[in-house]
1. For B:SER31, what is the net charge nearby, where nearby means another residue's Cβ is under 11 Å from its Cβ and Lys, Arg count +1, Asp, Glu -1?
2. Would you tell me the mean number of C-beta atoms belonging to other protein chains that fall within 10 Å of each C-beta in A:60-66, as a whole number?
3. If you average the alpha carbon positions of segment B:333-360 and of segment B:372-406, how far apart do those two centres end up, in angstrom?
4. Starting with the fewest neighbours, write out B:LEU197, B:LEU54 ranked by other beta-carbon atoms found within 10 Å of each beta-carbon.
5. When you look at the Cβ of every residue in A:25-31, what mean number of other chain Cβ atoms sits within 10 Å?
6. Peptide B:390-397: average number of partner chain Cβ atoms within 10 Å per residue?
7. Distance cut-off 20 Å, Cα to Cα: go down the list B:LYS350/B:LYS385; B:LYS323/B:LYS376; A:LYS96/A:LYS161; A:LYS8/A:LYS47; A:LYS36/B:LYS350; A:LYS116/A:LYS154 and report the pairs above it.
8. Tell me the mean residue ellipticity at 222 nm calculated for chain A from its helices only (DSSP H runs of n ≥ 4, each -39500 (n - 2.57), averaged over every residue, nearest 500).
Amino acid sequence: MQKLGDYKLPQFFNYPPYFTLQPVRDTREKQVQLWKEMIVDYCRTQKIFVIGLEDDFPLFSNPVIQRFLSHEAREVFLSALVSDGRAEWLDKGHRKCLILWHRIQDWAEIVLQFVKDNGLEDSVMTVEEIRSGIESRGTELHGVDRTILMRALKLLENKGKLAIFKGTSADDEGVKFSV
Amino acid sequence: MGNNRLFETATLTSSGRPVFLPNEVECQLLSNVDLEAEEESSSLFSLQSGLLILTTHRLLWFSSSSSSSAAPPVSASIPLASITHIFSPKKSIKSIFTSHRIRFQVTATDSRSVVIKVVVRGKVDWDGFLGNVWDCWRGRAWESFDTSERPCASGGLYGTDGSVRMVGVAGILRKEQEMWETTDKSLQDAFQDLNALMSKAKEMVMLAEKMRQKLLSGSSTQTSSTNEDEIGSKEEMHDWLLSVGIVSPVTKESVGALYHQQLLRQLADFVRNPLERAGGMINLIDIYCLFNRARGTELISPDDLMQACSLWQKFDVPVMLRKFDSGVMVIQNKSHSDEEIFNRIRAVVKKSEALRAGISASDAAITIGIAPAMAKEYLLSAESKGLLCRDISPDGFRFYINLFPNIDSLDVYLEMRASSKKWPLMVEQKWWRGGGQS
């Protein structure tokens with residue numbers, strides 16, 4: 001349990017059938033729903049953005065009752081999140097999954113709010129600064145996954161709220177806000 | 001149509017097979033048979049298109065109703081003893097083209113003398129049937145039944161019928177001698193030809209039993225001298241005993257095209273005892289073994305068994321074939337209900353031990369009182385109804401009571417402690433105080 005840090009696990013985490021993919025339709029639906037919520041909740045509190053299926057993701061096993069999710073089960077639950085729009089597969093082999101505990105639109109809103117809060121309406125910033133600069137400390141943007149941030153920025157770009165441009169170094173892009 | 005008031009009706013088992021008298025053996029069965037009674041050229045009654053069963057004791061006629069119809073079944077039972085004369089069928093050119101018929105003179109229940117005409121339509125081994133009729137009538141099997149009931153006379157050296165009574169040591173010796181002589185003659189007669197053997201079958205069975213008893217008692221007293229001959233003959237005896245079974249097996253020969261129909265009825269009758277012993281449900285494979293074992297000879301094939309069981313739904317028998325999702329096939333009483341078993345399962349999985357560790361199929365079999373193979377089927381069935389859910393792990397395939405519907409998603413948080421195995425018990429307190437959710 002130490003691995004889960006300060007995360008409060010739900011009661012049913014110790015219910016052994018929770019870790020076996022249920023075949024009966026109604027039972028399965030409930031099981032999937034519980035897993036989806038738990039995964040999203042955990043990722044949000046722990047600021048986890050990517051889950052690798054073969055990794056030792058702490059939620060997928062419970063050493064106390066000696067149970068763990070099969071690969072098939074993990075894929076089922078994560079695919080359910082993907083169908084809900086709360087996650088995306090990063091590769092065709094379904095080995096890595098991007099968890100959107102905020103949807104992209106929500107991240108975009110957060111960026112806008114961030115801009116307004118810091119008076120950056122007409123300024124320029126690098127992408128890196130947005131996610132790790134001094135202003136970002138204490139906000140949800142701090143340490144956000146780069147892929148997610150880029151997607152949010154692109155969304156805002158399409159809405160005309162900003163413009164993305166290539167910076168001096170190869171992997172550092174900049175953003176000009178015109179909120 | 002006319003009502004049959006001249007003869008008694010025949011009784012049927014709950015599966016539609018006739019109830020036989022003691023020692024009565026079925027010889028042949030024909031379908032599509034008319035039974036007509038005439039008295040001085042006027043027709044008294046006529047029963048159309050039914051089943052005719054010839055036995056060693058009687059001629060039975062039943063109206064053929066394959067499914068439970070509203071009209072009560074009609075039947076007639078004509079004791080062979082009441083046949084006073086069999087008319088030889090007139091062979092003429094006409095008889096080749098018309099249906100087969102035979103006429104008997106019979107004494108009815110009201111002591112009238114009537115002529116019974118049996119008309120058989122369709123293809124049948126007529127000569128064979130005629131032969132059987134004559135054999136059964138002449139065999140007078142009902143008489144040997146009567147003689148065994150005659151009470152023994154008592155007192156005096158000479159018995160009531162004038163024969164010398166057996167008294168004293170000489171008497172015992174004489175009795176032994178006579179018994180051996182009859183046995184010997186019986187054996188000789190029996191093995192003369194197969195027909196005779198069949199008719200003597202019952203006697204042979206009794207003889208075999210006696211010999212078996214003798215062999216068993218013999219071996220227990222002679223501990224030192226066990227020569228090979230004895231062992232060999234003992235084994236032979238055992239083998240032979242195994243091959244004697246149901247007295248009147250329904251065979252393809254005696255029933256012809258109705259083989260499956262009569263088989264399914266006989267099977268339904270047979271199945272009742274094993275069903276009761278097994279708690280209301282029994283595997284098809286087990287029945288296959290038990291039924292064939294009881295038959296001894298004239299074994300039925302798995303296909304015949306499947307066919308017979310599948311036909312049960314078309315006929316009015318109290319048993320049915322049931323196929324589980326997993327493919328397992330069982331036989332159960334029509335009146336059997338799953339609910340009762342599910343209630344028992346429900347009670348078992350709520351016990352504290354089951355809350356903590358679940359139950360396996362073998363646990364269920366023991367605590368609920370059903371066969372292990374059936375237990376798994378029931379647990380799976382309960383799972384599909386949402387009563388249980390499964391837990392597959394290196395510990396095996398286990399079932400827990402289904403708590404998923406009761407979980408209010410992530411609202412219910414609990415700080416985990418080291419001994420978090422307390423959770424199921426807390427569940428019990430939280431959700432079952434006051435006695436049970438299903």
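What follows is calculated from the coordinates using simple rules that are stated; it is not laboratory data. Keep in mind it's a predicted model, so treat the numbers as computed, not measured. With ideal geometry, Cβ positions are generated from the backbone for all residues, glycine too; neighbour counts draw on all protein chains shown.
1. Surrounding charge for B:SER31 is +2.
2. 3
3. 10 Å
4. Working: B:LEU197 14, B:LEU54 22.
Least crowded to most crowded, the residues run B:LEU197, B:LEU54.
5. On the way: counts 2, 6, 10, 2, 1, 9, 3.
For peptide A:25-31, the averaged partner shielding equals 5.
6. Working: counts 8, 9, 7, 7, 2, 3, 0, 1.
Mean partner-chain Cβ count within 10 Å for B:390-397: 5.
7. Numbers: B:LYS350/B:LYS385 17 Å; B:LYS323/B:LYS376 14 Å; A:LYS96/A:LYS161 31 Å; A:LYS8/A:LYS47 15 Å; A:LYS36/B:LYS350 28 Å; A:LYS116/A:LYS154 18 Å.
Violating the 20 Å Cα-Cα cut-off are A:LYS96/A:LYS161; A:LYS36/B:LYS350.
8. Details: 5 runs with 69 residues, N = 179.
So the helix-based figure for chain A works out to -12500 deg cm²/dmol.
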